[in-house]
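Bear in mind these aren't lab numbers, they're just calculated from the coordinates by the rules spelled out. These numbers come from a predicted model, not from an experiment. Note that each Cβ is placed from the backbone with ideal geometry, even for glycine, and that neighbours are counted across all protein chains shown.
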Amino acid sequence: MLDAYRDLIDELLGTPTEIRGLIDASAESRTSPEAKRLVAELRDRDRAVLERVRRMTREETPYLPALRPGSSADDEDLSLLLEEMEVARGDLVSLLINLSLKDWTRGAIDEAEGEISLADEVEQHVEFDERQRGQLRASVSGSGS
């Protein structure tokens, strides 16, 4: 079981480097509203998941509101967005690394999903992460044409 949790953490750890690499590889993505939106969504989701995980470790079966997309990132600086994404991811990973095995099984009631465990929450976040990276890859590769 511990290996499965480590794998989830490892998947989350690789994203900031991959995102920076994708953006650095395409000069056009630096000004792309789509790239900004995708990075901002990652940052915002990391922050939200961090708070949800904290609640799950502090409270007995908390009720968690559904995760909702954040606001527009059009006016935000991409460099700042990348930094904030990396900080948010670092905070989340730091918390996950320090969880006990028992913590990973803690439960909550999600507004959209119903009963979930902390492990489910992180797994759903990893899946979101994979979709965002895929969209950014597609956006960056499409920007060169």
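What the table below lists for this structure:
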| read-out | value |
| --- | --- |
| Dipole of the chain [Lys/Arg +1, Asp/Glu -1 at C-beta], most positive-end residue of SER79, LEU22, SER100 | SER79 |
| About the Cα centre, charge dipole magnitude for the chain (Lys/Arg +1, Asp/Glu -1 at Cβ), debye | 120 debye |
| Tensor-based shape of the chain (alpha-carbon gyration tensor, a/c under 1.5 rounded, otherwise prolate or oblate) | prolate |
| Other-chain or far-sequence residues with amide H under 5 Å of LEU64's (modelled H) | ILE109, ASP110, GLU111 |
| Residue-averaged [θ]222 nm for the chain, counting only DSSP H segments that reach four residues, each worth -39500 (n - 2.57) | -23500 deg cm²/dmol |
| GNM result for the chain, Cα springs below 10 Å: residue of ASP103, ASP129, ASP75 fluctuating most strongly | ASP75 |
